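The values are calculated or read from the model by the stated rules, or taken from the named source; none is laboratory data. In this text, all values refer to a predicted model and were calculated from it rather than measured experimentally. Because the Cβ atoms are built from the backbone with ideal geometry, glycine has one as well, and the counts that use them run over all protein chains shown. The accessibility values were calculated without ligands, DNA or RNA, using every heavy atom of the protein model including side chains. Shrake-Rupley method; radii C 1.70, N 1.55, O 1.52, S 1.80 Å.
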Amino acid sequence: MEDANRSWYFVERPTGEPDLDCFDLRDEPVPEPSEGELLVRVEYLSVDPYMRGRMRDRESYAEPWDVGDVLKGGVVGEVVESNSEQYNTGDLVTGEGTWADYSVLDADDVAPVDPEIADLPAYLGVLGMPGRTAYFGLLEVGEPKPGDTVVVSGAAGAVGSVVGQIAKLNGCRVVGFAGSDEKTRWLTDDLGFDAAINYKETDDYGTALDEAAPEGVDVYYDNVGGPITDAVFTKLNLDARVAVCGQIAHYNDEDVPTGPRKLPQLIAPRAKVQGLLVADYATRFGEASEQLATWVASGQLQHRESVVEGLENAPDAFLGLFSGDNIGKQVVRVAE
């Protein structure tokens, strides 16, 4: 085990879009686990859009970071020292850790990792928080029925790509919005989406939806907000359901944009709009993890990870989320 531990710290609140000045990489001693804790050598760490909200100096559904805090997020790695009877040295686990070479995790808050089911990065994506968000957000909030048309924004991301595939497994027609031809091809050719719209290649989302979803929209899974959501709201069918998971189009806005007033579009179709937080389903995480693992093992659920090499590049990996660099889940490989 190395004598030093590199850790990323949050050192400056951003105004608008974050930049590298918000982060500082420091060398410090390898931490020591207390009773009931594990010292984990981090092999992969997760960067996620919701972390932008943690950079703000106000309360939200995710606890904000204080300036001077070490950055936190999902990790997967190997136990190198255990002070718990639940896990042994050499075990592979995943949980909430730090952006560092080594992280101390509470043994009660981690889950075992089985590399026979999927490679380690998948446990930060399809078999981790994003996969569970897709599972509960679509099935519990979206309530898809066979024959429904499901539209997903941010469809080539970690959550959206899983949402679309689960919708297909439930007999739905699926349309995805994504930001490049490569991404839209992945959605249709590999993941089985019925249609995909490259939102960067059209200014008329309404017409694009008329072509891709001619029968209207029964379920909208919203990861993005902005003009795409405005357009989808005009296409909602009777008793449509809208699951609001994320609004990445607005995460860097300093002032909340008003935009068109779209609530009247919900009246005639009697549409239901509901926000979702995956933490609300914590008591059922085991159910989701088991089903997602079954689908992955059988090949019914495909996944893809965009891997950025090196802990030193973790901030770049995070910032890349806002320019659409990733296809599937964005992760950082910390250790081989």
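For this structure, a couple of remarks:
- Note on segment 229-336: Kirkwood hydrodynamic radius from all Cα pairs is 17.7 Å, rounded to one decimal.
- Remark: for residue pairs Lys235/Lys272; Lys168/Lys200; Lys235/Lys262; Lys183/Lys262; Lys145/Lys183, the C-alpha separation exceeds 19 Å in Lys168/Lys200; Lys183/Lys262; Lys145/Lys183.
- What you get for segment 267-336, charging only the Cβ of Lys and Arg (+1) and of Asp and Glu (-1), is a dipole of about 520 debye around the Cα centre.
- Listed values for segment 76-83 are Karplus-derived 3J(HN,Hα) couplings in whole Hz (6.51 cos²θ - 1.76 cosθ + 1.60, θ = phi - 60°), namely 9, x, 9, 6, 9, 8, 10, 10, and x replaces Gly and Pro.
- Probe 1.4 Å, accessible area per residue of the chain, Å²: 45 Å²
- Candidates Gln86, Gln300, Gln165, ranked by Gaussian network fluctuation over the chain, Cα under 10 Å, top entry: Gln86
- Relative to one another, the C-alpha centroids of segment 55-76 and segment 157-189 are positioned 30 Å apart.
- When only alpha carbons are used to place a centre, segment 286-336 and segment 127-145 end up 17 Å from one another.
- Segment 14-126, Cα convex hull volume normalised per residue, Å³: 122 Å³
- Full-stretch length increase - Asp109, Glu35 - with 0.36 nm per residue and alpha-carbon distance subtracted: 25.3 nm
- The chain: DSSP helices with Cα axial extent of at least 24 Å and average Kyte-Doolittle hydropathy no lower than -0.5: none
- Per atom type, segment 1-70 shows carbon and sulfur on 40% of its accessible surface, probed at 1.4 Å.
- For Asp66 and Glu211, the difference between the fully extended length at 0.36 nm per residue and the C-alpha to C-alpha distance is 47.5 nm.
- Using C-alpha pairs under 8 Å with a sequence gap of at least 6, the mean separation divided by the residue count of segment 8-55 gives a relative contact order of 30 percent.
- Radius of gyration over Kirkwood radius for the chain, both on Cα atoms: the Rg/Rh ratio is 0.98.
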